[in-house]
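For reference, the structure discussed in these notes is given below.
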Amino acid sequence: MPANDLAVVILAAGKGTRLKSGVAKVLHRAGGRTLVEHVLAACAPLKSRKTIAVVGHQADQVTTVVAPLDAESVLQQPQHGTGHAMQVARRALGSAKLAIVLPGDAPLIRTETLRAMLAAHRTANAAATILSAVVSDPAGYGRILRKSETSVQAIVEESQLTDEQRDLNEINSSIYCFTLEKLWPALAQVKPHNKHRELYLTDAIAALTAKNEAVLAHVAADPREALGCNTRADLAEVDRIFRERKRADLMNDGVSIQLPETVLIDQDVTAGEDTVLEPCVQLLGKTKIGQRCTIRTGSVLSDMILGDDVLVEPHCVAVESRLDNNAIIGPFARLRPGTHLKEGARAGNFVEMKKSVIGEGTKVPHLTYLGDAHVGPKTNIGAGTITCNYDGFAKHPTTIGRGVFIGSDTTLVAPVRIGDGAYIAAGSTITENVPPEGLGIARGRQVNKPRWAARKRRELASAEHSAKRARPRTKSKAKKKKSRRR
Amino acid sequence: MPANDLAVVILAAGKGTRLKSGVAKVLHRAGGRTLVEHVLAACAPLKSRKTIAVVGHQADQVTTVVAPLDAESVLQQPQHGTGHAMQVARRALGSAKLAIVLPGDAPLIRTETLRAMLAAHRTANAAATILSAVVSDPAGYGRILRKSETSVQAIVEESQLTDEQRDLNEINSSIYCFTLEKLWPALAQVKPHNKHRELYLTDAIAALTAKNEAVLAHVAADPREALGCNTRADLAEVDRIFRERKRADLMNDGVSIQLPETVLIDQDVTAGEDTVLEPCVQLLGKTKIGQRCTIRTGSVLSDMILGDDVLVEPHCVAVESRLDNNAIIGPFARLRPGTHLKEGARAGNFVEMKKSVIGEGTKVPHLTYLGDAHVGPKTNIGAGTITCNYDGFAKHPTTIGRGVFIGSDTTLVAPVRIGDGAYIAAGSTITENVPPEGLGIARGRQVNKPRWAARKRRELASAEHSAKRARPRTKSKAKKKKSRRR
Amino acid sequence: MPANDLAVVILAAGKGTRLKSGVAKVLHRAGGRTLVEHVLAACAPLKSRKTIAVVGHQADQVTTVVAPLDAESVLQQPQHGTGHAMQVARRALGSAKLAIVLPGDAPLIRTETLRAMLAAHRTANAAATILSAVVSDPAGYGRILRKSETSVQAIVEESQLTDEQRDLNEINSSIYCFTLEKLWPALAQVKPHNKHRELYLTDAIAALTAKNEAVLAHVAADPREALGCNTRADLAEVDRIFRERKRADLMNDGVSIQLPETVLIDQDVTAGEDTVLEPCVQLLGKTKIGQRCTIRTGSVLSDMILGDDVLVEPHCVAVESRLDNNAIIGPFARLRPGTHLKEGARAGNFVEMKKSVIGEGTKVPHLTYLGDAHVGPKTNIGAGTITCNYDGFAKHPTTIGRGVFIGSDTTLVAPVRIGDGAYIAAGSTITENVPPEGLGIARGRQVNKPRWAARKRRELASAEHSAKRARPRTKSKAKKKKSRRR
């Protein structure tokens, strides 16, 4: 059966009062994406003729998120309930015959479940189908009261439950499928029943059952698919579920993860066989990791590309950069966007790189900043090397050749070029190019002043002694001392 | 009813043998405080006429902790049991008629529960009321044997249980309320029943029931309130419960927490709406965080004050400092006490600051130490800048103006002053003031020696060749190589 | 009874297809060791006459691991099942009468359990004894079908289960004891029953029961002892169990651990009373920690030796080094092998040390690299100090005396020696020895150029103005700006 009689409507207008937030409910994040992006991702494979997002709170921000995912925004202003939201979406629904309606904060819903609900709806030629879930703790949810094995008598709200209904454990997920030519008249006949004049889809369902229209309940395979995000605790729980699923996927692909509950991985990350993730690692964005890599504890990789056999030592922070096979970084390396370590290159502790290319086998072991630098292969960069790529007015490049030795504490004032095989003496500030195989040196000559320190100490001691005699009562320093233990 | 007939007695003399510790039991910590501080905090709202801490092991250290919380210490030396502890406290109790008695290692007890126990005790005009708890695993605890729905027949110790009593799951929390004029005679008639001549409150209760005095058991609402801390595992569990409660409080306030089980927050911390805490964060002491801040993974903030929209990148360690709105620090920033970043200021990677003020919008992006420095707004501090605030004898201040450009690898020998709009050339050691709009430069001039490196390599190669001929058998370096993988 | 009629056979030839790995199954790690090392450790106290490892996949690598643990490798190539593995091992078994056979991927097996199984086997004079386990979820395992309380009728594979057998919850652990003179004829009469011509030990057991030989099942005390490692999730679970046991051991020894589930400790680590481990710490290898130490969050210690009262601040990474009493390192300190901080010495933030000795009370507070250095007591090393221990050709030592003051941003070009009580001026590059009590200074003299910065800014502004007129349409920089929030 062609799906082009189908539309999807995502209810994304709500504020989410219990989240206590300045951000619209559906824009909160779990598993590395906004809630509404998860819902859109689950609906996309249905290939409906149209996806409509009913927006309200922070309408512009929500539209900005959903528009690139091919959802048309329709403004519901003010928000008078889910039934009203459907009325607002009516014109945009055009000639669609069926609509799947979902709250924008149900991020765990899966495509398979929507497909099964839709198939059940079509097969029974139903007016409405409710996605239900059987849960161990139904408190707080509307319950499904069935009149037969397949069909629904009513959705009973928590506050309306009789004592015996309180044990019903089949709940309403607030995800529905409607045959639209049945929905509109039912909605039209519902009276707004509170002072806010709100109109609910559950009332439309009551109207349909009153008319003896076929209303089904389809049970979700996994009750967690019905989870909404009303509180920060809900958000944390949903996030936990996404993270757990993702870790399980990577483990199935041959990745080892230590203390998995402490590791946070975004949906789009990939990693190859025999890669090991230590505790407290974060892999974010579209990070791609090869085989046999080790990512040690506390490291955070965002949108990184790693080859095979790469070692990331503890506590590295790296973004939008590339590490070729056998590269080693860290501990405490920080790679900013546009950095590329070629095969076997190393960036060690307290090293920052930005928009730089580091040649094969080149070592940058410690306490260094390389920005806008191009370094050839087999070069050694001493501790304390700094590229002065910014002169307060503009950025300039530094070029270092192959097989160069940059002595420690070298300052390279860009633009500057160090030729192949050249040598820079430690402590130099290099402002002019150094030729290949040459030595560049730029530092003061050493002078020793014998007995200077002993004399200085005597002077200071006698000055302090005089001062003390002048100030008869000096404050003790003792009270400045504090325990170093918390 | 006025509470001034009430005293609180906290039994804080114990050693806690199973903790295997040189520290008295009640001084162990959970949830960021010592155990006895938690107990005192739960008792404070009762506004009793007096709070007495019976101290013994490490009496001085315990007194130092409880004294500022208005508890009077009474020394029990040697320790002959809980009954003996009450006798020791008798004089300090003065004219109090009722006493609530608590072990100092029951940190989860809540004020509401103590109030309810007290109300039950008063209403029934009881001689003693035991706070009991109904637990799933009663093994190891004394059990409550009731003679009626409200009154107690006996507390049966684990070792005295008959087979049928073993299933009793109401346990003694060791928290009591006593009518003192009933307690003293009961205690007096108890015989010390072991070779240590110890006297227990449970024996006094047995004496009271034997005399047909009214002894009640009041069940704690939450059985965890009865949890004592006898082992390190108990301490970890109690700590976990405090941390969980605190995280739940912050989530209710509108804070998002990722992988919450990895995040450790002290009791007094506050954070505003839409602030996000990433995994493995620690917020300690009296840290106050504004709205829409992000605290990224591994960061540790102690007694910090953050405005709104502050970003703390991964792995920052910051203590007793202040970050104004839109400030950004890290990754790998370390702020020591007395630092203040004004609006929009930045401290980047491998940057340490101490007792320094950083002006609005000023950037300190990398590899820098600023101590005792005052930096104006819109200034740029290059990589590798170091304030030499200590000359081996005393500390001195550095003052940097507005709109200054400090070139990379600059050493500022304090005391020194850099005027507004000045410029320091990279690689300089600045020992004298630089005027506003001026340039300060202090470095060696560069000399290039062509072909030096090539010649040096040839020399060394030939020297090594001669050396090898002289030492016919040199050890292989291969065995020094070790696998870099654990 | 002497054990020298006993041999141990470890089946270590498998690939572990579901692990998706290039590494042989038994070489995967959990609890800080390979799986096969755990199995060998459990068998060692049995003092069998011989331990045989049947190897196949990555035979050389497995042999390299097991040989130092006194196991003889026997090659099974190709691998035709567990029965075939025993036939391959037959010659190596020599005159042993009994064999305990274990899969190399059952790391949780305990010596006590093997001893009990062996005793049961001997007492009953059995032909074979199966170690079984009673589990809540037996799916996927072969089940034990008993004919009496002690003896076994058959092992029924999952695929052969009748509907009523599906509820059997006693499973085969694949750990066995065999009387070898019974095993060989049973194996000989088994027909390889699939196209791979594989021969299984379970078939041999079926042959033994068919002959009415005594086959026992001995139930493991802890069902987790039967856990194999077929998937990465299994590996993570087994690792979790080892880590939990180790943490419990340390807590019993008087160590406090915060958020214990986030802390990873290897088997051989020890720590003294009142030592505190914060969340997300790793203690690896043979690390030994004294009393009253605090290891703060994110720190990773491998093969370290710590005295008493040592403080490791957050995010330190330290390997094969020694910290004496009252030493303090970090935050963000990195100690490479061969470093020794003597009593009360300090290594602060962004400090790296390698093969260096730091004297009593000496401070190295920040941004420093010391390699191949020997520093006396009571010395102060300024920020930005770097030992140039490598000149591009060889490594050289640096020696710094007692009570020395090294000014900030000092470069020490090794080999070099700084005498006791000497003073180095900030910003110096020291290439020659400095005598005791002397001053070494080597830097450029400062020159100030008034109004230079103002003039430079005017020039640049006018140059940019001309450039803009020449290039009428320049691209906006706006699109380069990206949100700094994830």
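The values are calculated or read from the model by the stated rules, or taken from the named source; none is laboratory data. Since we're looking at a predicted model, the values are computed, not measured. Every residue, glycine among them, receives a Cβ derived from its backbone with ideal geometry; neighbour counts consider all protein chains shown. When the accessible area is computed, the model is the full protein with side chains, heavy atoms only, and any ligands, DNA or RNA have been set aside. Shrake-Rupley method; radii C 1.70, N 1.55, O 1.52, S 1.80 Å.
Tabulated results
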{"item": "Using a Förster distance of 51 Å, the FRET efficiency for C:Arg197-A:Leu75 (Cβ separation, nearest 0.05)", "result": "0.10"}
{"item": "Under 5 Å, built H, 5+ apart or other chain: amide partners of B:Ile400", "result": "B:His374, B:Val375, B:Gly376, B:Ile418"}
{"item": "Helix-only mean residue ellipticity at 222 nm for the protein assembly as shown, each DSSP H run of n ≥ 4 adding -39500 (n - 2.57), per residue, nearest 500", "result": "-7000 deg cm²/dmol"}
{"item": "Within 10 Å of each Cβ in A:428-438, the average number of Cβ atoms from other chains", "result": "6"}
{"item": "At R0 = 45 Å, FRET efficiency that the Cβ-Cβ distance of C:Thr17 and C:Asn252 yields, to 0.05", "result": "0.70"}
{"item": "Per-residue average of Cβ from other chains inside 10 Å of C:409-418", "result": "4"}
{"item": "Angle between chain C longest axis and helix C:201-210 axis [Cα atoms, degrees, rounded to 10]", "result": "20 degrees"}
{"item": "Positive-end residue, chain B charge dipole about Cα centroid, Cβ charges, pick of B:Gln58, B:Ala333, B:Gly22", "result": "B:Ala333"}
{"item": "Within the stretch A:388-440, chymotrypsin sites (Phe, Trp or Tyr not before Pro) in DSSP loop having at most 14 other beta-carbon neighbours inside 10 Å", "result": "A:Phe393"}
{"item": "Cα long-axis angle, helix C:81-93 against chain C (0 to 90 degrees, to the nearest 10)", "result": "90 degrees"}
{"item": "For C:Ala53, distant residues with modelled amide H under 5 Å away", "result": "C:Ile10, C:Glu72, C:Ser73, C:Val74"}
{"item": "Check: the stretch A:22-158 dipole with +1 on Lys, Arg Cβ and -1 on Asp, Glu Cβ, in debye", "result": "480 debye"}
{"item": "Order by protection proxy (mean Cβ within 10 Å, highest first), peptides A:82-93, B:134-145, A:116-127", "result": "A:82-93, A:116-127, B:134-145"}
{"item": "Fraction of accessible area attributable to carbon and sulfur, the stretch A:314-447 (%, probe 1.4 Å)", "result": "48 percent"}
{"item": "Nearest-10 value in Å² for the accessible area of C:Lys456, using the 1.4 Å probe", "result": "70 Å²"}
{"item": "Separation in nanometres of the label points that stand 7 Å from Cα toward Cβ, at B:Arg455 and A:Asn212", "result": "11.0 nm"}
{"item": "Net +/- balance of residues flanking A:Gly83 in space, Cβ distance below 10 Å, scoring K and R +1, D and E -1", "result": "-2"}
{"item": "Listed residue pairs exceeding 24 Å between alpha carbons, taken from C:Lys25/C:Lys211; A:Lys449/B:Lys354; A:Lys378/C:Lys286; B:Lys20/C:Lys286; A:Lys246/C:Lys20", "result": "C:Lys25/C:Lys211; A:Lys449/B:Lys354; A:Lys378/C:Lys286"}
{"item": "Check: chain C dipole with +1 on Lys, Arg Cβ and -1 on Asp, Glu Cβ, in debye", "result": "3940 debye"}
{"item": "Solvent-accessible area of B:Trp184 with every protein chain in place, 1.4 Å probe, in Å² to the nearest 10", "result": "30 Å²"}
{"item": "Shortest-first distances to equivalent copies, position A:Gln165, nm, label 7 Å out along Cβ", "result": "5.1, 5.1"}
{"item": "Amide proton proximity set for A:Ile289, modelled H, under 5 Å, gap of 5+", "result": "A:Thr270, A:Ala271, A:Gly272, A:Leu306"}
{"item": "As computed over chain C, the Cα convex hull volume per residue (Å³)", "result": "260 Å³"}
{"item": "Tilt relative to chain C, helix C:180-189 - C-alpha long axis, 0 to 90 degrees, to 10", "result": "80 degrees"}
{"item": "J(HN,Hα) series, the stretch C:41-52, from Karplus relation 6.51 cos²θ - 1.76 cosθ + 1.60, nearest Hz, glycine and proline x", "result": "5, 5, 7, 3, x, 6, 6, 5, 5, 6, 10, 10"}
{"item": "Gain in span if fully extended, C:Arg445 to C:Glu432, counting 0.36 nm per residue against the direct Cα distance", "result": "2.7 nm"}
{"item": "Accessible area buried, both sides summed, chains A and C with 1.4 Å probe, Å²", "result": "4900 Å²"}
{"item": "Average beta-carbon neighbours from other chains, 10 Å sphere, peptide C:457-466", "result": "2"}
{"item": "Positions from the stretch A:382-398 whose accessible area shrinks by 40 Å² or more when the full protein complex is built, not the chain alone, probe 1.4 Å", "result": "A:Ile386, A:Tyr390, A:Phe393"}
{"item": "Copy-to-copy label separations for A:Pro450, where each label sits 7 Å from Cα toward Cβ, in nm and ascending", "result": "4.2, 4.2"}
{"item": "Where the stretch C:252-440 is the region considered: accessible area per residue in Å², 1.4 Å probe", "result": "27 Å²"}
{"item": "Within chain B, percent of DSSP bridges classed antiparallel, to nearest 5", "result": "20 percent"}
{"item": "In order through the stretch A:139-149: 3J(HN,Hα) via Karplus (6.51 cos²θ - 1.76 cosθ + 1.60), integer Hz, x for Gly, Pro", "result": "4, x, 9, x, 9, 8, 9, 9, 9, 8, 4"}
{"item": "Test item: Cα-centred dipole of the protein assembly as shown, Lys/Arg +1 and Asp/Glu -1 on Cβ, debye", "result": "7380 debye"}
{"item": "Cβ-derived FRET efficiency at R0 56 Å, C:Glu157 paired with B:Trp184, nearest 0.05", "result": "0.15"}
{"item": "From phi via Karplus (6.51, -1.76, 1.60), per-residue ³J(HN,Hα) for the stretch C:54-59 in Hz, x at Gly/Pro", "result": "7, 10, x, 4, 6, 3"}
{"item": "In the stretch B:97-193, the GluC sites (Glu not before Pro) that fall in loop regions by DSSP, at most 15 other Cβ within 10 Å", "result": "B:Glu149, B:Glu157, B:Glu164"}
{"item": "Separation of the B:Asp268 and B:Glu244 label points, Cα + 7 Å toward Cβ, nm", "result": "2.6 nm"}
{"item": "Label spacing, shortest first and in nm, from A:Pro68 to its equivalents in the remaining copies (7 angstrom along Cα→Cβ)", "result": "5.2, 5.2"}
